[in-house]
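K.L.:
Mind looking over this structure? Questions follow.
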Amino acid sequence: MKDNLPSLTAATVAFASALRWLEGHELGIFQADLLRNLDRRFLPLLPWLLIRACLAREWTTRAFLALVERAFGRAEVLEGVWRRKVYMERQVRTFLERQRGNRVRVVILAAGYDLLAYQLASQYPDVTFIEIDHPATGAAKLSALKKLEKQRRGDEALPRNLKFCHDEIGKGISTKQALDNNGIKLDSSIIPTAVVMEGLTFYLTRDENEAIFRELSALFGCEGSIVAFDFFFLDEYCRPSNPNVKKVGPWLASFMKYKVKLFGEPFKWGIEPERLPSFFEGSGWELIPSRETFDGYGRNHPEFAMMMGIEYEATVRWVR
């Protein structure tokens, strides 16, 4: 991400999800409405115009999807983005149902324009939802959210149990410091917490990912806590690689690699799914078998990860 600018990659992911508004999906409708309310000053002119034009009418959305399918064949990238959204939502909803009646938290790391916390906050008023993200992206999203809330409910007041933490985590600032800086106090580390890390691990180095999971252990490590995340396996050219990518050829992976690099968010880390258990050895986190986390949806690759589009999804639980 370029300094002081909202993430273009986050806007791209949100746009891919928003295209589902045509099918009547609640999340897709919310996402499309959010992007329609995104102020011009938060995006370069061309991406902003593309988003507005494609989401303006049903026929413009269908025309864009037809172009994507013509260029890419079956759009595994768009489908994968949607499936990972569904995966993350399923993990959080399952966590909330299993912990019903208990005091719990939900934390979204690198939230971008994701609306999961906003969507669930009103459905679970006794649960604290915390979004953590870069200040520029967070400001863009918060501005659009307030407009959306005013359209839907008549005022800009967001759910009181939805908290926002906008700080540059990783630049000498820990998650705990960022939360403190934003007036969010974690009064206990023994409250079961669901953490979502969607679209984050591949933009960090291995050392940075290990550091994040160590900090999550210190902040939220207790019985019942989980972390749902996605990851890439990168080939020797630092391009995403899995059987879905190979269906459309390596040029798609190359395009993605250079697109995110141009946006100032290059891919830095990936791991073979079969080696994922070794990454968590001694961390206090244990991978949940994929058949338990998402039985009957998508295609399981190895035992502990699921292949959706160009990436893999997985969930760990606290065991130490």
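The values are calculated or read from the model by the stated rules, or taken from the named source; none is laboratory data. Nothing here was measured: the structure is a model prediction, and the numbers come from that model. Cβ sites come from the backbone with ideal geometry, for glycine too, and all protein chains shown count toward neighbours. Calculation scope for accessible area: heavy atoms of the full protein, side chains included, ligands and nucleic acids excluded. Shrake-Rupley method; radii C 1.70, N 1.55, O 1.52, S 1.80 Å.
K.L.:
In debye to the nearest 20, how big a dipole does region 172-230 give about its Cα centre with +1 on each Lys and Arg Cβ and -1 on each Asp and Glu Cβ?
P.N.:
120 debye
K.L.:
Something else now. Using θ = phi - 60° and the Karplus curve 6.51 cos²θ - 1.76 cosθ + 1.60, what whole-Hz ³J(HN,Hα) does each residue of region 80-95 get, with Gly and Pro shown as x?
P.N.:
Calculated HN-Hα couplings, in order: x, 4, 5, 5, 5, 4, 5, 4, 4, 4, 4, 5, 5, 5, 4, 4 Hz.
K.L.:
At 7 Å along the Cα-to-beta-carbon direction for both Thr205 and Lys150, put a label point, then send me their distance in nm to one decimal.
P.N.:
4.4 nm
K.L.:
Then there's this: Going by amide H atoms built from the backbone, whose H comes under 5 Å of the H on Lys163, apart from near neighbours?
P.N.:
Amide H neighbours of Lys163, under 5 Å, 5+ apart: Phe129, Ile130, Glu131.
K.L.:
Net charge near Ser122, counting Lys/Arg +1 and Asp/Glu -1 over other residues with Cβ under 13 Å of its Cβ?
P.N.:
Net of charged neighbours comes to 0.
K.L.:
In a shell of Cβ-Cβ distance under 12 Å around Glu156, excluding Glu156 itself, what net charge do Lys and Arg (+1) and Asp and Glu (-1) give?
P.N.:
Result for the local shell: +3.
K.L.:
Hey, if we sort Thr94, Thr61 by accessible area with the 1.4 Å probe, largest down, what's the order?
P.N.:
Accessible-area ranking of Thr94, Thr61, largest first: Thr94, Thr61.
K.L.:
If I model a spin label as a point 7 Å beyond the Cα along the Cα-Cβ vector, how far apart are those points for Ser122 and Arg98 in nm?
P.N.:
2.8 nm
K.L.:
Quick check for you: with a 1.4 Å probe and neighbouring chains kept, what is the accessible area per residue of region 70-143, in Å²?
P.N.:
Ligands and nucleic acids excluded, the result is 37 Å² per residue.
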